[in-house]
Amino acid sequence: MLSRFQFFLYLLLSVCITVQAQTGKKVRLFIIGNSFSGNAAYFLPQLAKEGGYELELGRAELGGCSVERHWKLAEANEKAYKGKSLREMLSDGTWDIVTIQQYSLLSGDPETYRPYAQRLVELIRSLQPNAKIYIHQIWAYRNDAKAFGKIKGEERAQTDADMHQHVRAAYHLIAKELGLKVIPTGDAFRAMATSKKWAYKKDPNYNFDAPQSPNLPDQTNSLHVGYRWNNNKLTFDANHANTAGCYLGSLVWYKTLLGGNVKKVKFKPTEVSDQMAKQFRKVAASL
């Protein structure tokens, strides 16, 4: 039984929590990345809004951009980000969280991070000493990709599992060296890829040698863009996330960066089934 004093404190705490959820907590998040960070944070604003957060996003994202290129652009003070330099954008007020990531092709080779990731982090800390800095662990390419990411020089991973293993090891190594926290999006993708029920499997019945528009192979459970028709030509993207992959990534970001309770999330894109969304929430919550 609660004493009257304990009960009063409980009511007071409940009121405070309710008021905070209603008024919202402002969080300023600055993303240094490329298309993969664009994918992974795509639905973060909707999730943050549902959770009672007022989220302000700053983006320094360039397609296929490595940490080396981001650093060299910053070092030269080039206005490469919609007419602004990285230093200018990072100096715009106070950022609560800053994220960095490596280009997917190079993510499995830790030597490609050095010394550029360290220099980027030093720049961030000099301009935003109180910001929490995270490194975004990206996902492996789809299991039917024509080629996988590099793991040592020009040597490439042989499978999606091989790529994931090297990418994960590289991100965690660099995170340890630089004192960063990891956003484990790649682990969430891997959890789905290794599930008997939810793993994507290449369509064995589709004629890939002589495809007929507008027919597409069965891509059930894919987290990647995969095959699609463009101007009567069958194109293939085994790297970038589709809507489902973007949603899974955003759940991981929501939980990791904002402490969101992903199990209670109601928002989901219409393209994602209720069952798949439930599994995504379970996976994100387990990381």
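Please treat every number below as a calculation from the coordinates, not as lab data. All of these numbers come straight from a predicted model, not from anything done at the bench. Quick reminder, even Gly has a Cβ in these numbers, built from the backbone with ideal geometry, and neighbours come from all protein chains shown.
Here are the numbers for this structure:
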| item | result |
| --- | --- |
| Length-normalised contact order of the range 23-286 in % [C-alpha pairs under 8 Å, at least 6 apart] | 19 |
| Percent of beta bridges antiparallel (DSSP, the chain, rounded to nearest 5) | 30 |
| Under-5 Å amide H pairs with Gly149, H placed in peptide plane, nonlocal only | Tyr141, Ala157 |
| Distance between the range 54-70 and the range 87-114 - C-alpha centres, whole angstrom | 7 |
| Which of Tyr53, Tyr171, Tyr81 has the fewest Cβ neighbours within 10 Å, and the rest in rising order | Tyr81, Tyr53, Tyr171 |
| Long-range HN-HN contacts of Arg59 with modeled amide H, under 5 Å | Ile31 |
| Whole-Hz ³J(HN,Hα) from phi, Karplus 6.51 cos²θ - 1.76 cosθ + 1.60, for the range 115-122, glycine and proline x | x, 5, 4, 4, 5, 4, 5, 4 |
| Furthest towards positive pole of dipole, Ala41, Gly24, Val98, structure part the chain, Cβ charges | Gly24 |
| Under the Karplus curve 6.51 cos²θ - 1.76 cosθ + 1.60, θ = phi - 60°, whole-Hz ³J(HN,Hα) for the range 189-200, x wherever Gly or Pro sits | 4, 5, 4, 6, 5, 9, 7, 4, 7, 9, 5, 6 |
| Dipole of the chain, positive direction: furthest Cα of Pro204, His164, Ala284, with charges on the beta-carbon | Ala284 |
| Straight-distance crosslink candidates among lysines, where the alpha carbon sits under 19 Å from Lys233 and sequence neighbours closer than 8 are dropped | Lys146 |
| In sequence order, calculated HN-Hα J values of the range 74-85 (Karplus, 6.51, -1.76, 1.60; Hz; x Gly/Pro) | 5, 4, 7, 6, 6, 8, 8, 10, 6, x, 10, 8 |
